[in-house]
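The values are calculated or read from the model by the stated rules, or taken from the named source; none is laboratory data. Keep in mind the model is a prediction, meaning the values are calculated, not measured. Neighbour counts run over all protein chains shown; Cβ positions are idealised from the backbone, glycine included. Protein only, heavy atoms only, side chains kept; ligands, DNA and RNA dropped before computing areas. Shrake-Rupley method; radii C 1.70, N 1.55, O 1.52, S 1.80 Å.
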Amino acid sequence: MGKLELLQTLTGHVGRVWSAAWHPTGTMFASCGEDKTVRVWVQADGGDRYTAQAVLTDGQSRTIRDVAWSYCGHYLASASFDTTVAIWDRKSGEFECNATLEGHDNEVKSVTWSRSGSLLATCSRDKSVWIWEIHHAPDQEDEYECVAVLNGHTQDVKKVCWHPHDDLLASASYDNTIRLYKQDPVDNEWEMLEPLESHTSTVWSIVFDATGQRLASCSEDKTVKLWQRYGPDNTLGIPCPEQSAVWKCVCTLSGYHTRSVYDIDWCKRTGLLATACGDDMLRVFREASDSDPNEPTFELVASVEAHTQDVNKVVWHPHTPGVLLTTSDDGEIKLWQFSEAD
């Protein structure tokens with residue numbers, strides 16, 4: 001077993017803190033919440049403690065549900081219940097809202113940048129997933145063009161997540177399913193793949209591992225599920241129609257969480273999984289050393305009562321192994337250090 005040590009508690013938001021995202025450098029992160037603000041926190045004097053640098057208040061008029069940094073680190077996107085996505089940049093040294101993306105008919109729940117930096121995806125309570133193409137022009141404002149509106153889900157879409165290497169998008173929904181989308185190389189149209197079905201209630205969040213060969217999902221049904229990608233050349237004989245890769249559920253973690261599992265993150269450096277739960281707990285799982293890649297087994301290695309109310313978000317530091325942060329309905333952000341037992 002390992003242990004989770006509290007490093008720092010950050011306050012400032014009023015009401016629920018819905019989400020947070022590390023800057024690619026790991027020297028700062030952004031958070032957002034019920035108070036309609038985005039807050040940017042920076043590493044103080046090169047140490048491991050963080051302090052508030054900026055409060056972004058004039059971008060959106062309702063609860064801000066999600067934030068995401070672009071991989072280049074120059075842009076921050078925030079998704080709001082006011083149906084918009086705001087794009088912030090620091091061209092002048094200060095954060096400025098240089099674009100507002102409109103089009104969704106209802107609350108925007110999640111926003112995510114592609115690895116290439118040329119695509120942005122959003123999803124909404126209006127049951128749709130939108131893909132935006134970003135056009136950069138020297139000495140001019142960037143332009144964001146909606147290139148696809150995908151209506152595969154039958155209910156509220158909670159989360160969108162890009163593949164770490166390819167322009168492959170995943171979404172999770174209140175309709176209990178996960179959907180994947182890719183661009184057709186012939187006509188460039190975005191197409192929906194077969195839904196991933198195994199959860200029995202709302203799928204709250206999804207995340208790819210570092211290789212992009214696995215996807216983890218968490219749900220209202222109190223479980224975590226692991227999905228494995230199989231290509232046409234797989235040795236197990238799994239059928240791949242039209243020579244396209246398929247995803248199969250290869251592991252279910254059940255019995256660990258006592259309420260809804262709201263978020264999950266897969267550490268790209270260590271392979272550890274962390275979950276944020278409605279029972280106020282933060283949990284860390286590790287793949288067993290004797291795990292079969294096609295039938296993996298994971299073990300709970302640490303857990304802690306992280307907050308006094310629902311834990312909404314968990315995210316690993318992009319560079320420092322074992323460091324992660326959580327956000328909660330209790331209005332707090334907490335930084336943690338996971339370490340292996342002595």
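How many of the residues in the range 202-216 are open to solvent by 30 Å² or more (accessible area, probe 1.4 Å) and out of contact with any Phe, Trp or Tyr (no Cβ under 6 Å at 6 or more places or on another chain)?
Total satisfying the criteria: 3.
Only one of (1) at pLDDT below 95; (2) surrounded by fewer than 13 Cβ atoms within 10 Å (Cβ to Cβ) is not met by E96, so which one is it?
(2)
With (1) within 21 Å of W130 (Cβ to Cβ); (2) of a type in the set (V, I, T); (3) open to solvent by 10 Å² or more (accessible area, probe 1.4 Å) as the list, and I178 as the residue in question, which single condition is left unmet?
(3)
If I ask for residues that are closer than 17 Å to V261 by Cβ and aliphatic (A, V, I, L, M), which ones from the range 282-298 would you list?
L282, V284 - these are the residues of the range 282-298 that are closer than 17 Å to V261 by Cβ and aliphatic (A, V, I, L, M).
From (1) within 24 Å of A79 (Cα to Cα); (2) of a type in the set (S, T, Y); (3) in a loop (DSSP other than H, G, I, E, B), pick out the condition that doesn't hold for S171.
It fails just one condition, (3).
Restricting attention to the range 93-135, which residues are of a type in the set (G, A, S), within 12 Å of V157 (Cα to Cα) and part of a loop (DSSP other than H, G, I, E, B)?
Correct list: S128 only.
Consider Q60 carefully, then state whether it is of a type in the set (S, T, N, Q), over 22 Å from A302 (Cβ atoms), at pLDDT below 95 and open to solvent by 50 Å² or more (accessible area, probe 1.4 Å).
Taking the combined requirement at face value, the residue does not satisfy it.
Only one of S173, S198 is open to solvent by less than 30 Å² (accessible area, probe 1.4 Å) and of a type in the set (S, T, N, Q); which?
Only one candidate passes the filter, namely S173.
Any residue in the range 273-291 that is closer than 13 Å to L324 by Cα sitting within a Cβ distance under 8 Å of a residue that is at pLDDT below 95 and surrounded by fewer than 20 Cβ atoms within 10 Å (Cβ to Cβ)? List the pairs, counting only those 6 or more apart or interchain.
Correct list of pairs: V284/G2.
Out of the residues in the range 224-276 meeting the condition of being within 17 Å of the chain's Cα centre (by Cα) and either aromatic (F, W, Y) or more than 15 Å from F208 (Cβ to Cβ) (or both), tell me which one is surrounded by the most Cβ atoms within 10 Å (Cβ to Cβ).
A276
Restricting the search to the range 203-225, which residues are closer than 24 Å to S114 by Cα and either touching an Asp or Glu at 6+ places or on another chain (Cβ under 9 Å) or assigned to a loop (DSSP other than H, G, I, E, B) (or both)?
Once the filter is applied, which keeps residues that are closer than 24 Å to S114 by Cα and either touching an Asp or Glu at 6+ places or on another chain (Cβ under 9 Å) or assigned to a loop (DSSP other than H, G, I, E, B) (or both), the range 203-225 yields V203, W204, S205, V207, D209, A210, T211, G212, Q213, L215, A216, C218.
In contact with a Leu (Cβ under 8 Å, 6 or more places away or on another chain) and of a type in the set (D, E): does that describe D209?
yes
Which one is most open to solvent (accessible area, probe 1.4 Å) among residues in the range 115-147 that are among the small types (G, A, S) and under 22 Å from V207 (Cβ atoms)?
Filtering the range 115-147 for residues that are among the small types (G, A, S) and under 22 Å from V207 (Cβ atoms), the one most open to solvent (accessible area, probe 1.4 Å) comes out as S116.
Listed residues S124, S92; which is free of Cβ contacts under 8 Å to residues at least 12 places away in the same chain and either polar (S, T, N, Q) or touching a Pro at 6+ places or on another chain (Cβ under 6 Å) (or both)?
That would be S92, the only listed residue that is free of Cβ contacts under 8 Å to residues at least 12 places away in the same chain and either polar (S, T, N, Q) or touching a Pro at 6+ places or on another chain (Cβ under 6 Å) (or both).
Just name the residue that is nearest to D66 (Cα to Cα) out of those in the range 14-40 that are without any contact (Cβ under 8 Å) to a residue 60 or more places away in the chain and in a strand (DSSP E or B).
My answer is C32.
Restricting to the range 136-145, and then to whatever is assigned to a loop (DSSP other than H, G, I, E, B) and charged (D, E, K, R), can you tell me which residue is farthest from D89 (Cα to Cα)?
Only one residue tops the list, namely D139.
Going by what's in this entry, would W336 be described as part of a strand (DSSP E or B) and either open to solvent by 40 Å² or more (accessible area, probe 1.4 Å) or more than 29 Å from L180 (Cα to Cα) (or both)?
It is true that W336 is part of a strand (DSSP E or B) and either open to solvent by 40 Å² or more (accessible area, probe 1.4 Å) or more than 29 Å from L180 (Cα to Cα) (or both).
Checking D105 against (1) over 29 Å from R16 (Cα atoms); (2) surrounded by fewer than 19 Cβ atoms within 10 Å (Cβ to Cβ), which test does it fail?
(1)
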